[in-house]
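The values are calculated or read from the model by the stated rules, or taken from the named source; none is laboratory data. Nothing here was measured: the structure is a model prediction, and the numbers come from that model. Reconstructed Cβ throughout: ideal geometry from the backbone, glycine too, with neighbour counts over all protein chains shown.
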Amino acid sequence: MYYRRTLTEAQINQQLLGTVLTTPLWWIIILSGLGIIVAGAVSAVGFMVNQGLGVTGLRQPVFWGFFITNFIFWVGISHAGVMISAILRLSQAEWRRPMVRAAETMTVFSLMASLVMPLIHAGRPWRIFYWVFPYDWARGIWPDVRSPLVWDPIAITTYLLSSTLFVYTALIPDLAIIRDRSTGWRKPVYGALALGWHGNPRQWKLQGLAGILLSALILPVFVSVHSIVSWDFGVSLVPSWHVTVFAPYFVIGAVHSGVSAVVTLMIIMRKLYKLENFIWEEHIDALARLLIVVASAWMFLFWLDLIFALWLKEEQEMTVWHLRMFEPPWSWLFFVFFMASFVIPVPLWLFRRVRRSFTWMLWTSLLVNVGMFLERFLIIVPALMRKGPMTFDYATYRPSPIEFTIIGGTIALVASFLLVFSKFFPLIPLWEEKEGQILIDSVRVGNVDVPGLVKE
Amino acid sequence: MANTQLLGLFQDTQNVADAMGKQKGNRFPVEDLDIYSGSPFPEGSFGEHDPEHRLFMVPLVGALIGFCIGLLWTAGTQISYPLVTGGKPLLSIPPMTIIMYENTMLGAIIFTVLGVLFESRLPKRDLGLYDERITEGYIGLLVDCPEERASAAEGLLTTAGAEEIKKA
Amino acid sequence: MALDEHAIPSFPTHQEVAKDILERYQTVDQRYWRWISVLALLFVAGIVGFVLRLNEGFGEESRSNWGYLVATLSFLLSTFLAMPILSAGLRLAKANWRRPFTRINENMAITGLLVYLMLIPALLALPATEGRLSVWFDFPHWMAFKGGNLMVWGTLVLIGLSLLLLVAAPDMAAVRDHMPNSRRGKIARIMAAGWVGSTRQWRVLHSGALLFGAFYLLLYPTVQTLMQADFQAGLLPGIKDAIAPATAVINALQGAVALTLVTMYIMRRFGGYERYFGIDQFWSLAKPLLAFSLLWFYFWWASFITFWYGRQPGESELLKLLILDSYRNPLMISFFLNFIGPLVALIWNPVRKSIWGPTLVAAGILVGGLINHIRWYVSAFSVEDPGQHVLSPIPAGQLPTASDALIVVGGISGCILLFMLISKLIPVISIWEVGEGLRLVKVRKFLGRYAIVIAKSH
C-alpha cells in the first residue's frame, strides 16, 4: 500500500519542515484572506452584541438556529481526530501515519470554534460568567448539574484538553527535530517545547505506550462528547428531539463529517505543501472505504430515527417530519441534505477510480459536509418551528446575513488556525513517517514481492 | 571514580546492532549503553536494555482523583444550594454520572501525560552529550563508563564503525 | 544481545497444515459421538418443552407462554447467527489473525436453519398488528408482518449458507481428494462443485466472499430491527425506543466475539487445536470484546437517560418494567456480566493477553446476554394489552417454567449440535485461509533480533 520510494530521514526532514523553516508567499496571501473573513465575522459579532440578538433570524419559538447548528457542526468535525488517530492507531492501520496530526489538530481547532458558538449565541457573553460561577455568595446558586447544558461545556472542555495533550505528546519528537534544525530565537523556544528529548529507547517506548494509552482513554471521551451534545436535544420533550437513538446517531454523523473533513484537509494540504511523497491515492482510498462503512451505519441510524419517529403516530411528531420532508423550502433542504450526505457520495465511493481520484474525493468530501451541516439544521430548526401544540405558536426561521457572516468566519478561523499551526509545527508527523519507512518490507510469493510490514 | 560519556555516531544501523551484540557481557553492562535515534525502532532491535516503568498504574490514579473531584463538585454544589429542578432528586445519579465520568477520564488522561513525561525523564534542561545529526538519520551509541575505561569505550566505538566520537 | 537462534519464531507450511487438518477430519473421536448424543438428547428435550407449550396454543391468554421461546430465538440470532458477521467484517478489514477461526464463524451459518424454524411459532405467538403499534403501520397484517419477517430472515439465512458453501469449496475439494471413496468424500465432491483452484476460481471466491459478507453485514441490522420492532416494541405500550435495534446489533457483535472465544477455547482444550488457536487469536479478539462491552453500556445508557430524563408517563412505566422494578435483577446480572465484569477484567494487560482471561469474560457475556434477552422479550410477552396507550398494569417478572427451561436449553443445544455436525462435514479450520496466511508471513533478521513480516495481499 504505502510502498513507494523510501526517503532518507534527511529528505523527510527537508520536505516536511518546508513551511516551518521558511515562509512561502502563498501562506501569507491565504492567511491574509482568511484574516479578512475572520475580521468580518468579528465585526458581525460586535454589531450583534451592540444591537442585540434581534439582528439574527432568531424569533419565538425558534431560539436555536444557525449558531447552535454551527456549534454541533464543529463538534462533529472534531471527531475526525480521534477516529483517525486513536482508532486507527489501536487497530495498527499503517495508512494513518500522514494524517494523524492534521486530524488531531483539526480536532483541537474545531473544538475551539465550537466553544465560541455558544458564547456568541448568548448575545451578552459576559453574563455566562454569572452562570458558571456564583457571582456573589448571596445569589445562592451553582450551575445545575442536572442540565445537559452544563454537561456540554464539561465534555467539550475535557475533549479539548485531552486532544491538546494528545497532540502535544505526539509532537515532542518532532519538536526535537525542529530544535536541531533551528537557529536564533527559535532554537531555545523549540528546545524548551521539546523538553530535552533525546530519542533513546526508553523515551521511544514510552512514546509508543503514550499513543496507545491516550488513544484508549480518549476514545470513550470522543464517544461521550457528541452523545452529550445530542442529549441537549434528546432529553428535552421537543417533538422529534426526544429520541433514544440521537446519541449514536450524532456520534456516527460526526465521524462521517469529520472524516470527510480530513479528506478535504489532506487533499488541500497535499496541493499547498507539495506532499505528493507522503499523501497518496492509497490514503484517500482507505479513507473513502472507511467513509462507506461509516455512512452506511449513519444511514441505518437515520432510518431508525425516522421509523420510530412515526412509530407512535403522534400528531406533533408527524407535523415536524412533514415540514422537514414535504414543505418547501425545508423539503428542498432535506433533499439536498440527503443527496449530499449519502446518495451522491457513497455510491461514487464504491468505485475504485473515484476513491483514488483527488479531485473526486475533494468534491465528494465537501459535499458531505454541506449535507451534514444541513442535517443538523434540519434537526434543530423545524422541530422548534412546530414546538408548540397550537398552530398560532408556529413560526419560521430565516438566517440573517449576520449569521452567515459569523458561520463563514468560523470556517476561516479554523483554517487560519491550521495555517498558523503549520507555520510552527509540521502537519505530518516526521517520526511516524520515518517509523513507517523502517517497518516496510516484502514477502516473496512465487515471482511476486507482496508488500508487507515488520510486526513488533 | 568519575564517570565519563562517549557518543559514537553511526550512519549504518546494522553496525550499531552488531556492536551491541558483540560486546554484550564482555565489556560494558547493557545498562551503561544507550541508543539515540531520530525515529523509533522495534523493541530489542539493538539489543538495548529493556526499560522498566510503572506507567500503567498512573492512569488509574488519575482516574480515581478525577472521579473524586467530579463527585465532590457535583454533589457539593447541589447540596450547597439545594434547588430541585425538573422534578428530579437533588442528588440525581444519572446526570452526576455523566459529569463524574468526564472528570474521571480527564484525570486519567492528564495523569497519563504527566506519567509519560516523568517516566521518559522529561523535561531535561541540559541535552548533555548529543548531536543534531541524530535527527537526520544518524544513530548515536552512548557509553557511560569510568574515566579509566574511556579508551576501551573509544576502541569499541571505533571498531564498530563510528563516523565520529564525541566525548563529554 | 546476540541473535538467539532459539528465539526464532517458526511457522508450519501449508502442506503441514492441510495434512494435520485432514487427518483430524478423517478420524472421528468417540468423545465426539458422546457429545453429539448428549446434545441430541437436550435438543429433543427442547422439542418436548415446545410441544408442551404448543398444547396451550397461541391465543391472547397464552401469549406470555412464548416469551422464553422468543428470548431464545433472539439470543440465538444474537450469538450463533451473528458469527458470520465476524468472518465478513474481519475479512474486509484484512486481519491476518482471523484466519484460524474464520471457518468457525462461517460454519455457524448452519444454525440459521434451526433459528428459522423457531421463528415460525414465534410469529404465530404475536397478536395481529391492528390496534397496536407496529413497524408495518397499516399494511395488511399477514403479508407485511409474517410474510415480511419470513422473507427477510430467510434471506439472511440463505446468504449465510451461500457464504459458507462458497468459502468451503476449496476445502471440500481437499476432502474430495483426500478421501475420495468415503461417504463424506462423495458429499465433498458435490460441495466442491468442480473446484480445481484455477486463478479464475480464486478470484470469484474472493469477490464472492466479500460480496456475500457485505450483504450479510447489511441485512443483519434489518433482521434485528424486525426482531426488536415486532417482538418487543410492538408489544410494549407507549415505547418509542429507536436505539433498540442498534443496541441489539451491538449486543450481537459482543455475543459473536464471545461465542468465538468460547468455541476456540473448547476446541483448544478438548480438540487439541492449540497450534491454531494461540495467544494471538485470543488477544486480538479480547480488544473488540472490551470495545463491545463498553458499547453495551453506552447503548443501554442512551436509551435509559432519554427515558429517565423525559419522565413522560409512558416512559416511566417502561422504566419500571425493564429497569427499575420487575426485571431489575436480570438487568443487574447482565449489567455485571456484560459490562462491569469485562471492563474490570479486560483493562488489565495480563488478563487481556491470555487464553483464560478473555474466555472467562466471554462465558460470562454469553450468560449475561441470555438473561438480557429474557429481560427484553419475556417482559414484552407478559404484557396483557399491547394496544394500550400507557402500560398498565406493570407485569411482574416471569420466571421460567420447566417447559421454558427445556426450550432454552434445547434451542442452544440444537445450534451447538448443528455446528458440530457441519464441522464433521466442512473442516472446522479453513485450510486454504490458513495456508494463504502462512504464505504471507516470513521471519527475518531485523538488526539485533528476529521479526515477523506480514504481507497483505490485495
Next on the checklist: Kindly evaluate C:Phe58 against the criterion of being among the hydrophobic types (A, V, I, L, M, F, W, C), assigned to a helix (DSSP H, G or I) and either surrounded by fewer than 22 Cβ atoms within 10 Å (Cβ to Cβ) or modelled with pLDDT of 95 or more (or both).
Outcome noted: no
Checklist entry - Does any residue in segment B:121-137 that is more than 7 Å from every other protein chain (Cβ to nearest Cβ) come within less than 6 Å, Cβ to Cβ, of a residue that is modelled with pLDDT under 90 and part of a loop (DSSP other than H, G, I, E, B) six or more places away or on a different chain, and which pairs are these? => result B:Leu129/B:Ala168
Next on the checklist: Being at the interface with chain A (Cβ under 9 Å from one of its Cβ atoms) and either surrounded by fewer than 17 Cβ atoms within 10 Å (Cβ to Cβ) or on the phi > 0 side of the Ramachandran plot (or both) is the filter here; which residues of segment B:54-74 pass it?
Outcome noted: B:Phe56
Checklist entry - Would you pick out the residues in segment A:262-313 that are among the aromatic types (Phe, Trp, Tyr) and within 25 Å of A:Trp74 (Cα to Cα)? => result A:Tyr273, A:Trp298, A:Phe300, A:Phe302, A:Trp303
Item to check | segment A:40-56 - residue that is within 10 Å of A:Glu403 (Cα to Cα) and within 26 Å of the chain's Cα centre (by Cα) and, of those, surrounded by the most Cβ atoms within 10 Å (Cβ to Cβ) | outcome: A:Thr56
Checklist entry - Looking at segment B:131-149, is at least one residue assigned to a helix (DSSP H, G or I), closer than 30 Å to A:Glu433 by Cβ, under 21 Å from the mean Cα position of the chain (by Cα) and polar (S, T, N, Q)? => result yes
Next on the checklist: Suppose the filter is away from chain B (no Cβ under 14 Å) and closer than 30 Å to C:Pro170 by Cα; does C:Tyr68 pass it?
Outcome noted: no
Next on the checklist: Whether any residue in segment A:54-64 is modelled with pLDDT under 90 and within 14 Å of chain B (Cβ to nearest Cβ) is what I want to check.
Outcome noted: no
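Does B:Pro94 satisfy the condition of being within 26 Å of A:Gln203 (Cα to Cα) and either outside any loop (DSSP other than H, G, I, E, B) or at the interface with chain A (Cβ under 7 Å from one of its Cβ atoms) (or both)?
Answer is no for this residue.
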Item to check | Qualifying residues in segment A:15-39 (those that are at pLDDT below 90 and not aliphatic (A, V, I, L, M)) - the one surrounded by the most Cβ atoms within 10 Å (Cβ to Cβ) | outcome: A:Thr19
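Within segment C:411-420, does at least one residue satisfy the condition of being over 30 Å from C:Lys94 (Cα atoms) and aliphatic (A, V, I, L, M)?
Yes: one or more hits.
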Item to check | Only listed residue being outside any helix (DSSP H, G or I), in contact with a helix residue (DSSP H, G or I) (Cβ under 7 Å, 6 or more places away or on another chain) and either at pLDDT 95 or above or surrounded by 23 or more Cβ atoms within 10 Å (Cβ to Cβ) (or both), chosen from C:Ala252, C:Ala286, C:Ala242, C:Ala258 | outcome: C:Ala242
Checklist outcome for this item: Subset of segment B:6-17, residues out of contact with any Phe, Trp or Tyr (no Cβ under 7 Å at 6 or more places or on another chain) and facing chain C (nearest Cβ under 8 Å), comes to B:Thr13, B:Gln14
Checklist entry - at the interface with another protein chain (Cβ under 7 Å from one of its Cβ atoms) and at pLDDT 95 or above - does that describe any residue in segment A:247-256? => result yes
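For segment C:357-393, name all the residues that are over 24 Å from C:Leu226 (Cα atoms) and modelled with pLDDT under 95.
Of everything in segment C:357-393, those that are over 24 Å from C:Leu226 (Cα atoms) and modelled with pLDDT under 95 turn out to be C:Ser392, C:Pro393.
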Checklist outcome for this item: Here the residues within segment B:138-152 that are surrounded by 19 or more Cβ atoms within 10 Å (Cβ to Cβ), among the aliphatic types (A, V, I, L, M) and more than 9 Å from chain A (Cβ to nearest Cβ) are B:Ile139, B:Leu141, B:Val143
Checklist entry - Among A:Leu272, A:Leu237, which is within 10 Å of another protein chain (Cβ to nearest Cβ) and modelled with pLDDT under 95? => result A:Leu237
Checklist entry - So, of the residues in segment A:138-148 that are hydrophobic (A, V, I, L, M, F, W, C) and in a loop (DSSP other than H, G, I, E, B), which turns out to be modelled with the lowest pLDDT? => result A:Ile141
Next on the checklist: Being among the hydroxyl-bearing types (Ser, Thr, Tyr) and either assigned to a loop (DSSP other than H, G, I, E, B) or closer than 20 Å to A:Asn277 by Cα (or both) is the filter here; which residues of segment A:413-441 pass it?
Outcome noted: A:Ser422
Item to check | Residues of segment A:394-412 satisfying the condition of being in a helix (DSSP H, G or I) and aromatic (Phe, Trp, Tyr) | outcome: A:Phe404
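Conditions tested, residue by residue: (1) at pLDDT 90 or above; (2) of a type in the set (Val, Ile, Thr); (3) in contact with a Cys (Cβ under 9 Å, 6 or more places away or on another chain).
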position	(1), (2), (3)
B:Ala63	yes, no, no
B:Thr77	no, yes, no
B:Gly107	yes, no, yes
B:Glu119	yes, no, no
B:Arg133	yes, no, no
B:Pro146	no, no, no
B:Ala152	no, no, yes
Next on the checklist: Please go through segment C:125-160 and give me each residue that is loosely packed, with under 15 Cβ neighbours inside 10 Å, assigned to a helix (DSSP H, G or I) and of a type in the set (Phe, Trp, Tyr), ordered by number.
Outcome noted: C:Trp142
Item to check | Residues satisfying the stated conditions in segment B:22-49, i.e. outside any helix (DSSP H, G or I), acidic (Asp, Glu) and more than 10 Å from chain C (Cβ to nearest Cβ) | outcome: B:Asp34
Checklist entry - Which residues, counting only those in segment B:97-110, are within 25 Å of A:Leu206 (Cα to Cα) and surrounded by fewer than 22 Cβ atoms within 10 Å (Cβ to Cβ)? => result B:Ile110
Checklist entry - In this structure, is A:Ile68 at pLDDT 95 or above, touching a His at 6+ places or on another chain (Cβ under 7 Å) and crowded, with 20+ Cβ neighbours inside 10 Å? => result yes
Item to check | Residues satisfying the stated conditions in segment A:117-137, i.e. at pLDDT 85 or above and in contact with a Leu (Cβ under 8 Å, 6 or more places away or on another chain) | outcome: A:Gly123, A:Pro125
Checklist outcome for this item: Out of (1) of a type in the set (Lys, Arg); (2) touching a helix residue (DSSP H, G or I) at 6+ places or on another chain (Cβ under 8 Å); (3) within 27 Å of C:Pro170 (Cβ to Cβ), the one C:Arg53 does not meet is (3)
Item to check | Subset of segment A:287-338 that is within 14 Å of chain C (Cβ to nearest Cβ) and in a loop (DSSP other than H, G, I, E, B) - its residue that is nearest to A:Arg398 (Cα to Cα) | outcome: A:Glu314
Checklist outcome for this item: Inside segment A:173-199, the number of residues satisfying the requirement of being free of Cβ contacts under 8 Å to residues at least 40 places away in the same chain and either more than 10 Å from chain B (Cβ to nearest Cβ) or surrounded by fewer than 21 Cβ atoms within 10 Å (Cβ to Cβ) (or both) is 13
Item to check | Hits in segment A:438-450 - residues which are of a type outside the set (Val, Ile, Thr) and buried (at least 19 other Cβ atoms within 10 Å of the Cβ) | outcome: A:Leu439, A:Asp441
